[in-house]
Amino acid sequence: MKKTLLFGCLALLSGFRFASAQERKAPSYPLITHNTYFSVWSNTDKLAESTTTHWTGAAQSLIGIINVDGTDYRFLGKEPEQYKTILPASDEKDYSVKYTFTEPAGDWTSASYPATDWKEGTSPIGDNRGDKIKWRTKDIWVRRTFTISQTDDINKLLLKASWDDNIEVTLNGESIFTRVGVSKGFEMSPLDKSKLKIGENIITMHVVNTGGGSRADIGLVDKEKPAIAKDLEVADQKNVSINATQTIYTFKVGKVDLDVTFTSPLLLNDLALLSRPVTYITYKVKANDGKTHAVKVLFSASTNLAVNQPKQAVTATKYSTAALSILKAGTDEQPILQKAGDDVRIDWGYMYVATPKSATATQFVTTENEAVMAFRQGQTTTTGMKGTQLALNTVIPFGKVGASPVSKFVEVGYDDIYSMQYFTTNLRPWWNNSGKETIEGQLTKALTDYPTVLERCAAFNKTMYADAVKAGGKTYADLCVLAYRQSIAAHILVKSPQGEILWLSKENFSGGFANTVDVTYPSAPLYLIYNPKLLQGMLNGIFYFSESGKFKHDFAAHDLGSYPHANGQTYGEGMPVEESGNMTILTAAICKAQGSPAYAKLHWKTLSTWVNYLTTEGFDPANQLCTDDFAGHLARNANLSVKAIVGIGCYAQLAEALGDKATADKYRAIAKDMVGRWQKLAGDKDHFTLTFENPGSWSQKYNLVWDKVLDLNLFPQSVYDTETKWYISKQNEFGLPLDSRKTYTKSDWIMWTATFAPTQKEFEKLTDPIYKYALETPTRVPLSDWHETTNGKQTGFQARSVVGGYFMKLLDYKMHLAK
């Protein structure tokens, strides 16, 4: 598997724990969450303590400043860190290197090393389309020479590096940086500038690709001193709360109170609203001293929201419609759908900041560095519409504010023009299927619908939370809140040329693949609950891939390509049992949720082919990958065998629903026979093993959960009782390890494993450590589903859709609510 406002009551409706601002509510806070490209987060508990970022970690700065009676207070974002280039990395300029794919002998990091048999080339280095040095081996060794004339003016020297998967860097023969695990974009690491020499220097890197994509890039930068004056005060944040569709901050700002609410109205039962790429940022101000105060607010959005790399030139535009004042920006290049891969941001289409004309706001464009000072000095003149790292600035006057709250909002939107390429056809976003809609139309609809949308979001937030509490308790409900927007925002909604809904995921920081089946599989519970049609949209492309004859195998494909190119599988090998089982199980789940086998009937021939594969190859799997491919190939995988058995049982259930009793009886008998054999081969006294006939080993059998949720009744209750008791005995501080090989885990799988626990007490014993991880992990990124159970650190992956799997307990609750 390689996110007029009733602020006062919403905090109560959300049900989320109210506490001081110092109490963490999330590892990272969703601010703007629509899809994998339009996704902005705050990675600190206080909104003004850090620069807001894209989920990849790249800076996408949003700044908020409130002026109260002439005094300025920053409440949103931190001034973006500015760097002066000393040695450019490839995001700024291609550079020459010597490199080899064969391990060199001798001291290859020294300046005197001859490297006569090394190749010469020009960066970028990796396996992406635009890389000039194509690296597809396990290792690469790279040497790069450069000249330095002086170091006295360097403020803070930093290594700037991006790599996949492991890296070692030396400077002038001395080791300066080593890291295991893929980088999150470019990462900065402090260096002592004394390690630079006046004259010629050499920097080297050895990078290891352990699987999936590859990249290797290094440079040096100088971190400049902050541009914002030190006397700018910071608003006193009193609280932050999160609900399904909103993140709400409260501040005391001198003599006024300020509430700031980010609303991404991701209501899954309304595809028009779900696909509308507009987030509301609402400001509510009132005096806290019984007097009146003059108030105005600055909202400044960096044009980095519309670029892949900050070096890309952009053009901004200021204009208006009948109802809105609008700022717009996008790259000059507009390379629509040209870039594919994992650590990639959108650099086509346009970002928008819009405000109702009735707000009498003032809009202007500056550079990022100029924006705050311009506001503080009362300057609202545009300083340039072209350049790099511009800022779209909106000043909203609140006038004299007293005890009665005054509320105003801005809209932040994005028009990607084309969202995906699907078997060579470029697809427009769902909201513009016809090609006749405009983003101005969407912004206007967002304005018109504003009060109604907020009411609907408030109602949904309340209902979702209450249902989750009933299903699994308050801590469980809090985890569902964290998962909701993150999962949705890892997808894009489009319509296929065949007229089918496509709800396509991206494997964020786990390969960048499009519509991966074993990402769909863990994500599914969320969509089964709130709109099974969206889960169909996650399966439709895989069915088409096989049924069109493009995928010529008797098992299901792994993925549809490298996002945003869904032109066919790009993962290096198949996961035949894994994906065939996933597709069959999820089809049965859709039909169960919809109360009709109609969807299965559409694809019965394909499902029959896949289930026959499971019948012959699934029970005792050959050496192959499963969804947990980071753990490596595994033969005789007991949990993968469970998936095959459950898949066969699902097929039998579907056949019965379709009125084919003979087929149903046949395959149910096959599944039941396999269960008996499975118990014998996997049994190990007080638990069941990781692989067949491997005593002492163990693993989470999370695939069992569907036997319970879908009422297949294949495995005896004793299996669930035995495994649950064993799991509780094997837990660490931050959760249950995935299996006996390592101490890391997958939190989505724990939520599934916990769902089949026999009692609520056991469910909580298994899930409470996940809540502890979410609130105490030292890794401040959008929730990672792969973490270390001993210390709570992220192992890999982040911002992925698979946290939709946290809703498994709620799905089970709703499936059996009427019983």
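The values are calculated or read from the model by the stated rules, or taken from the named source; none is laboratory data. This is a predicted model, so every value here is computed, not measured. All Cβ positions, glycine included, derive from the backbone under ideal geometry; neighbour counts span all protein chains shown. In case anyone asks, the SASA skips ligands and DNA or RNA and just uses the protein heavy atoms, side chains included. Shrake-Rupley method; radii C 1.70, N 1.55, O 1.52, S 1.80 Å.
Give me the pairs, please: first residue somewhere in region 432-443 and under 19 Å from Glu411 (Cα atoms), second residue anywhere and surrounded by 11 or more Cβ atoms within 10 Å (Cβ to Cβ) and charged (D, E, K, R), beta-carbon distance under 7 Å, and either six or more positions apart or on two chains.
Ile439/Asp415; Gln442/Arg276; Leu443/Glu411
Can you tell me how many residues within region 351-393 are open to solvent by 20 Å² or more (accessible area, probe 1.4 Å) and in a helix (DSSP H, G or I)? Working first, answer last.
So the first thing to find is which residues in region 351-393 are open to solvent by 20 Å² or more (accessible area, probe 1.4 Å), and the list is 357-358, 360-362, 367-370, 373, 376-389.
Among the residues that remain, those that are also in a helix (DSSP H, G or I) are: 357-358, 368-370, 373, 376.
So the answer is 7.
Among (1) crowded, with 17+ Cβ neighbours inside 10 Å; (2) closer than 18 Å to Asp628 by Cβ; (3) of a type in the set (Ser, Thr, Tyr); (4) in contact with a Ser or Thr (Cβ under 6 Å, 6 or more places away or on another chain), where does Ser740 come up short?
Against the list (1) crowded, with 17+ Cβ neighbours inside 10 Å; (2) closer than 18 Å to Asp628 by Cβ; (3) of a type in the set (Ser, Thr, Tyr); (4) in contact with a Ser or Thr (Cβ under 6 Å, 6 or more places away or on another chain), Ser740 comes up short only on (1).
When both residues are 6+ apart or on different chains and their Cβ atoms are under 8 Å apart, which pairs have a first residue that lies in region 29-45 and is under 17 Å from Asp347 (Cβ atoms) and assigned to a loop (DSSP other than H, G, I, E, B), and a second that is open to solvent by 10 Å² or more (accessible area, probe 1.4 Å) and among the basic types (Lys, Arg)?
Listed by first residue and then by second, the contacts come to Tyr37/Arg345.
Mind listing whichever residues of region 772-819 are of a type in the set (Phe, Trp, Tyr) and either surrounded by fewer than 19 Cβ atoms within 10 Å (Cβ to Cβ) or more than 22 Å from the chain's Cα centre (by Cα) (or both)? Please lay out each step first, then the result.
Keep residues of region 772-819 that are of a type in the set (Phe, Trp, Tyr), which gives 773, 786, 797, 806-807, 813.
The answer is Tyr813, and nothing else.
Assess whether Phe177 counts as being aromatic (Phe, Trp, Tyr), assigned to a strand (DSSP E or B) and either touching a helix residue (DSSP H, G or I) at 6+ places or on another chain (Cβ under 7 Å) or farther than 22 Å from Val97 by Cβ (or both). Can you show your working first?
On the way: aromatic (Phe, Trp, Tyr): yes; assigned to a strand (DSSP E or B): yes; either touching a helix residue (DSSP H, G or I) at 6+ places or on another chain (Cβ under 7 Å) or farther than 22 Å from Val97 by Cβ (or both): no.
The answer is no for Phe177.
Collect the residues in region 477-514 that are among the aromatic types (Phe, Trp, Tyr) and open to solvent by 10 Å² or more (accessible area, probe 1.4 Å), keeping them in residue-number order. Break it down into steps so the answer makes sense when it comes.
Going residue by residue through region 477-514, those that are among the aromatic types (Phe, Trp, Tyr) are 484, 503, 509, 513.
Residues satisfying the conditions are Phe509, Phe513.
Could you check, for region 224-241, whether at least one of its residues is at pLDDT 95 or above and in a loop (DSSP other than H, G, I, E, B)?
Looking through region 224-241, at least one residue is at pLDDT 95 or above and in a loop (DSSP other than H, G, I, E, B).
Here is a list of conditions, (1) of a type outside the set (A, V, I, L, M, F, W, C); (2) at pLDDT below 95; (3) open to solvent by 10 Å² or more (accessible area, probe 1.4 Å), and Ser14 meets all of them except one; can you say which number that is?
(3)
Checking Ala294 against (1) in a strand (DSSP E or B); (2) surrounded by 21 or more Cβ atoms within 10 Å (Cβ to Cβ), only one condition comes out false. Which one?
(2)
Among the residues that make up region 409-425, is at least one of them out of contact with any Ser or Thr (no Cβ under 6 Å at 6 or more places or on another chain), more than 30 Å from Gly499 (Cα to Cα) and among the small types (Gly, Ala, Ser)?
no
Just for region 330-343: of the residues that are of a type in the set (Gly, Ala, Ser) and part of a loop (DSSP other than H, G, I, E, B), which one is most open to solvent (accessible area, probe 1.4 Å)?
Narrowing region 330-343 to residues of a type in the set (Gly, Ala, Ser): 330, 340-341.
Checking which are part of a loop (DSSP other than H, G, I, E, B) leaves us with 340-341.
Details: Ala340: 27, Gly341: 6 Å².
Among them, the one singled out is Ala340.
Restricting to region 414-458, count the residues that are closer than 14 Å to Ala323 by Cβ and among the charged types (D, E, K, R).
Within region 414-458, residues that are closer than 14 Å to Ala323 by Cβ and among the charged types (D, E, K, R) number 3.
So, in region 530-563, of the ones that are under 21 Å from the mean Cα position of the chain (by Cα) and of a type in the set (Ser, Thr, Tyr), which residue ends up surrounded by the fewest Cβ atoms within 10 Å (Cβ to Cβ)?
Within region 530-563, the match that is surrounded by the fewest Cβ atoms within 10 Å (Cβ to Cβ) is Tyr530.
Kindly list, by first and then second residue, each pair from a residue in region 620-634 that is buried (at least 23 other Cβ atoms within 10 Å of the Cβ) to a residue that is part of a loop (DSSP other than H, G, I, E, B) and of a type outside the set (D, E, K, R), limited to pairs with Cβ atoms under 6 Å and residues at least 6 apart or on different chains.
Leu625/Met575; Leu625/His633; Thr627/Met1
When you go through (1) out of contact with any Lys or Arg (no Cβ under 8 Å at 6 or more places or on another chain); (2) outside any loop (DSSP other than H, G, I, E, B); (3) surrounded by fewer than 18 Cβ atoms within 10 Å (Cβ to Cβ); (4) not acidic (Asp, Glu) one by one for Tyr727, which number turns out not to apply?
Looking at each condition in turn, Tyr727 falls short on (3).
For region 417-434, check the following and say yes or no: at least one residue is over 26 Å from the mean Cα position of the chain (by Cα) and at pLDDT 95 or above.
Step one: list which residues in region 417-434 are over 26 Å from the mean Cα position of the chain (by Cα), which gives 434.
Restricting the remaining residues to those that are at pLDDT 95 or above gives 434.
The answer is yes, given that some residue of region 417-434 is over 26 Å from the mean Cα position of the chain (by Cα) and at pLDDT 95 or above.
On the basis of being part of a loop (DSSP other than H, G, I, E, B), open to solvent by less than 10 Å² (accessible area, probe 1.4 Å), out of contact with any His (no Cβ under 6 Å at 6 or more places or on another chain) and of a type in the set (Val, Ile, Thr), does Ile346 make the cut?
Numbers: part of a loop (DSSP other than H, G, I, E, B): yes; open to solvent by less than 10 Å² (accessible area, probe 1.4 Å): yes; out of contact with any His (no Cβ under 6 Å at 6 or more places or on another chain): yes; of a type in the set (Val, Ile, Thr): yes.
Answer is yes for this residue.
If you scan region 192-216, which residues turn out to be of a type in the set (S, T, N, Q), surrounded by fewer than 18 Cβ atoms within 10 Å (Cβ to Cβ) and within 19 Å of Thr109 (Cα to Cα)? Can you show your working first?
Applying the first criterion (of a type in the set (S, T, N, Q)) to region 192-216 yields 194, 201, 204, 209-210, 214.
Of the ones still in play, those that are also surrounded by fewer than 18 Cβ atoms within 10 Å (Cβ to Cβ) are 194, 210.
Matches in region 192-216: Ser194 only.
Being open to solvent by less than 40 Å² (accessible area, probe 1.4 Å), farther than 21 Å from Thr178 by Cβ and not hydroxyl-bearing (Ser, Thr, Tyr) is the requirement here; does Gly130 meet it?
In short, no.
For region 275-282, does any single residue satisfy the condition of being within 19 Å of Ile417 (Cβ to Cβ), touching a Ser or Thr at 6+ places or on another chain (Cβ under 9 Å), assigned to a loop (DSSP other than H, G, I, E, B) and open to solvent by less than 40 Å² (accessible area, probe 1.4 Å)?
No, there is no match, as no residue in region 275-282 is within 19 Å of Ile417 (Cβ to Cβ), touching a Ser or Thr at 6+ places or on another chain (Cβ under 9 Å), assigned to a loop (DSSP other than H, G, I, E, B) and open to solvent by less than 40 Å² (accessible area, probe 1.4 Å).
Looking at region 637-664 only, could you name the residues that are surrounded by fewer than 20 Cβ atoms within 10 Å (Cβ to Cβ) and touching an Asp or Glu at 6+ places or on another chain (Cβ under 6 Å)? Full working, then the answer.
So in region 637-664, the residues surrounded by fewer than 20 Cβ atoms within 10 Å (Cβ to Cβ) come out as 656-664.
If the condition is that a residue be surrounded by fewer than 20 Cβ atoms within 10 Å (Cβ to Cβ) and touching an Asp or Glu at 6+ places or on another chain (Cβ under 6 Å), then Ala664 is the only one that fits.
Among the numbered criteria (1) modelled with pLDDT under 95; (2) within 30 Å of Ala294 (Cα to Cα), which single criterion is violated by Gly57?
For Gly57, the exception is condition (2).
Any residue in region 763-785 that is among the hydrophobic types (A, V, I, L, M, F, W, C) and part of a strand (DSSP E or B)?
Within region 763-785 (the criterion being among the hydrophobic types (A, V, I, L, M, F, W, C) and part of a strand (DSSP E or B)), the answer is no, since none of the residues qualifies.
Since Glu79 meets every condition but one in (1) open to solvent by 30 Å² or more (accessible area, probe 1.4 Å); (2) modelled with pLDDT of 90 or more, which condition does it not meet?
That leaves (2) as the condition not met.
Residue by residue through region 510-545, note down the ones that are over 21 Å from Trp430 (Cα atoms) and part of a loop (DSSP other than H, G, I, E, B).
Ser510, Gly511, Gly512
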